[in-house]
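Report on one structure; see the data block that follows.
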Amino acid sequence: MKKLLLLPFALLVAFGPFAQTNIQTPDEFLGYELGSRFTRHHRVVEYFKYIDELSSNVKVTQYGETNELRPLIYAVIASPENFASLEQIRQDNLKRAGALEGSPSGKVAIVWLSYNVHGNEASSLEASMKTLYELVNPANAKTKEWLKNTVVIIDPCINPDGRDRYANFYNQYGNSPYNSSGDAKEHREPWPGGRANHYLFDLNRDWAWLTQKESKARIKIYNEWLPHVHVDFHEQGYNNPYYFAPAVEPFHEVISPWQREFQVMIGKNHAKYFDEQGWLYFTKEVFDLYYPSYGDTYPTYSGAIGMTYEQAGGGYGGLSITTREGDPLTLKDRLTHHHTTGLSTVEITSLNAIRVVDEFEKYSKENLNNPASPYKTYVIKGDNNTDKINTLTKWLDSHSIKYGHPSAGKVTRGFDYQAQTTTNANITTDDIVINIYQPKSRFITTLFEPVSKLPDSATYDITAWNLMYNYDLKGYALNERINAGRAYQPKAVDNSSAIAKPYAYIFKYESLRDVEFLAGLLNKNIKVRAAEKAFTVAGQNFEPGTLIVTRRNNESIADFDNLVKKLATDKERKIYTSATGFVDRGKDFGSSSVNYLKAPKIAVLIGEQTSSLSAGEIWHFFEQQLHYPITQIGTDYFRSVDLNKYDVLVVPEGRYRMFDESTLDHVSSWVSGGGRLIVIANALTSFAEKKGFALKAYLTDAEKSDAEKKEKEAREKDALARYEDAQRKQLSDAISGAIYKVTLDKSHPLAFGLRDFYYTLKTNELRYSYLQNGWNVGVIKGNAKPVQGFAGYRINKKMSNSLVLGVEPKGQGNVIYIVDNPLFRNFWESGKMVFSNAVFMVGQ
């Protein structure tokens, strides 16, 4: 192992072979007591590297880098004997999981401890240093014993950018001595707070979707180890006792009996230490194991005992906060609790190491030989959009999920995702099959199963995320096993038939990759048109939205042809060409139905009152996916900005106070003058029923009267409900992230590139009527029913015949109403197309 020299050479010589006995505690190394201040991330990295330098049984590795260029590191700690065969232990475990060929030897348990995924849940990073020290402390006989059969991996900070944002805030505003009153500034983080990463994403919701660079780097390393136990350290409200496993229902049905049992064993071990100290705690409440993209569920669905531990505190906690009982809760208290459960986890795993390893192997063998889930194979039809298939398969690769083409075609029966029913399924050798006889079997099931069983509707997060609806793919779920006979082969783009200097270049517009290409053209000042109607030229059919780049109006572009071809090649676009603007069917290229797409200058609201998550999703989407420039305008100075400099204004989700009558009038006038206003999800409440805007609440007066009568009857019924059922009553009016099928007006530019229906991920209960003076581009027709996921029976009835996507023409401009956030966590691929159309296509 290559060591980093952090100490003076003379000091190392002086330590000699006994250096390990002189390892400094975190307090000694940092020069202050842990818990007396918030340690900046770089100092934690320095301490971990210091331990690496002096300890013969620790290896610290940098596995990535954040957007703000902070290192992402993890440490592996083992006994000297196990450390000497660390690579063998890792490979044996992958063999045990079925991820490598061969038979494993030896049985060493692997525990992974992940800290500080939310930057302002700041005690766990401090605890990571104390836990690391105790694991290498030569005087600690207990940890020496545990490490004989257990390897421990520590990621001290999953979210360094958010962590330092919080630490810098507190170190700037914290009183000396600290002030325990919640009124003090040191307890009141400014927007956006330290919870999220640079792009304001919640990294604890990104384990599966991998939209962020931190997640991508971490999952690569995680899947190279596949630990048996994983802990994700968090903080919650400062008045709450400590939470540890076991989790509460719903548990997804793929979770094994052993995974349930060992959570209880771990919880009882923690309770022993908490009982000794008189510390309050709770289990089996609030935190479930269902949504697959958490730091507890992703490991669980990969075979680990995945758990969340929650300490009171959070961004409000500071160095000390007075709880409702009048007791001080200090940072030292908080880190001590996390340190205790961390070591307790290692201890109980070590005490049961043989069974932990055996049960992991049993879990893996069941995956490989006899998976319990009824659907054994998922089929993605080969005639789906190639870009969607390629994007999905690359994502599958990142999770080590195996797939390929079947060796032979067949006709069978299966669940048709588009029809939502079981029907005949014609499988061809061009299709892609993903069977669940593989290491990631249960994770695959959670992602693709047509209906996910929900044992309890009181969930902590969304209840639907199916990738077939996410990408809007044609495909089937089969009850039989079909193996991949050959590797997936992406369809190569052949541009050999393109005319050298055509009248026009033509590009299909069907996927997000086509939007990226459009953004690239506009960034190069290439003038682009879009066909409003379908057309045929040179025997080739093209759908509405097709991009047309004519030689005319691009005469000033240097090396025009080579530039267009290079951009197309870089984005792997099929180039179609035409020697004429005279089409065989449809509108000619000079028609008013072939619209010039002006490169939009885009403004996006950001700051107080906006949802930091929504603002971050938009920021990341433009900057990291489309690579198209935007101007973020702060809500605190929005009124002073000249909107006439911009073509598009995006209003993220948020709770707005800024849109008073005068501001709405100002925005309305700007729209009438040619602006495009895009309003997302709960931001709609600031515009609905307001002067100058057509968005209206769903009910007519007659319907309101009828609804009020029914509501009264329901309230009378609820009045007799039991107190303990209060939460259940609220669920009747809640949507826990459900997927609905939306009927589209495909002729409208907002629906360009989409298929006949759009599957919306509904994460709110907003409900608006059809626009009376506008275009109802996407609506839920008839009796509303989720395709997947939970929606309360009362709210579900209210979703019938409601608006999802609407466009209000206003003067020379347009208002685009998007009821459900299309960029939610930036993993809903079809939603990205809707949002892109709102930006680039509508109103052009």
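The values are calculated or read from the model by the stated rules, or taken from the named source; none is laboratory data. Please read all numbers here as calculations on a predicted model, not as lab measurements. Don't worry about glycine lacking a Cβ; one is built from the backbone with ideal geometry, like all the others, and counts go over all protein chains shown. For the accessible areas, the whole protein counts, side chains as well, though only heavy atoms, and no ligand, DNA or RNA atoms are used. Shrake-Rupley method; radii C 1.70, N 1.55, O 1.52, S 1.80 Å.
Structural remarks
- A cut-off of 5 Å between modelled amide H atoms, ignoring neighbours fewer than 5 places along the same chain, links THR577 with ILE499, ILE506.
- On Cα atoms only, tilt of 123-136 relative to the major axis of the chain in degrees: 40 degrees
- Placed amide H near TYR768: partners under 5 Å, 5+ positions off or other chain: LEU803
- Global form of segment 551-641, assessed from the alpha-carbon gyration tensor, a/c cut-off 1.5: prolate
- Taking amide H atoms as placed 1.01 Å from N in the peptide plane, the amide H of ALA538 lies under 5 Å from those of ASP584, each 5 or more residues away in sequence or on another chain.
- Ranked by how many other beta carbons lie within 10 Å on average, peptides 218-229, 618-629, 558-569 from highest: 218-229, 618-629, 558-569
- Think of it as helices only: each DSSP H run of n ≥ 4 in the chain is worth -39500 (n - 2.57), and spread over all residues that comes to -9500 deg cm²/dmol at 222 nm.
- ³J(HN,Hα) computed for each position of segment 763-780 - Karplus, 6.51 cos²θ - 1.76 cosθ + 1.60, integer Hz, glycine/proline x: 10, 9, 10, 5, 8, 10, 7, 4, 5, 7, 10, x, 9, 8, 6, x, 9, 8
- ³J(HN,Hα), Karplus 6.51/-1.76/1.60, whole Hz, each residue of segment 477-485, x for Gly, Pro: 10, 10, 8, 10, 8, 10, 8, 7, x
- Among beta bridges that DSSP assigns inside the chain, antiparallel share in %, nearest 5: 65 percent
- Taking a ≥ b ≥ c as the square roots of the eigenvalues of the alpha carbon gyration tensor, segment 273-350 is prolate, as a/c is not under 1.5 and a/b beats b/c.
- Projected-area mean, segment 588-687, by convex hull of Cα positions, square nanometres: 7.4 nm²
- Surface composition of the chain: carbon plus sulfur atoms hold 49% of the accessible area, using a 1.4 angstrom probe and ignoring ligands, DNA and RNA.
- Span from the segment 282-300 Cα centroid across to the segment 484-520 one, whole angstrom: 41 Å
- Spatial offset of segment 178-214 relative to segment 101-129 amounts to 21 Å, using the alpha carbon center of each.
- Peptides 156-165, 480-489 ordered by average Cβ neighbours within 10 Å, highest first: 156-165, 480-489
- Whole-Hz couplings from phi, Karplus 6.51/-1.76/1.60, listed for segment 520-529; x for Gly and Pro: x, 4, 5, 4, 8, 6, 7, 7, 10, 10
- Using a probe of 1.4 angstrom and keeping all protein chains present, the accessible surface of segment 535-662 works out to 47 square angstrom per residue.
- Extension gain from VAL493 to ALA419, taking 0.36 nm per residue of separation minus the Cα-Cα distance: 23.5 nm
- Given (i) 1.47; (ii) 1.06; (iii) 1.01, the label whose value is Cα Rg over 2.2 N^0.38 Å derived from this model: (iii)
- By the compact-protein rule of thumb, 2.2 N^0.38 Å, the alpha-carbon radius of gyration of segment 434-552 corresponds to a ratio of 1.57.
- D_trans [Stokes-Einstein, Kirkwood Rh over alpha-carbon pairs] for segment 127-245, 4 °C, 1.567 mPa s, µm² s⁻¹: 75 µm²/s
- Accessible area expressed per residue, segment 449-502, with surrounding protein chains retained (probe 1.4 Å, Å²): 48 Å²
- Computed with a 1.4 Å probe over protein heavy atoms only, the accessible surface of segment 254-322 comes to 30 Å² per residue.
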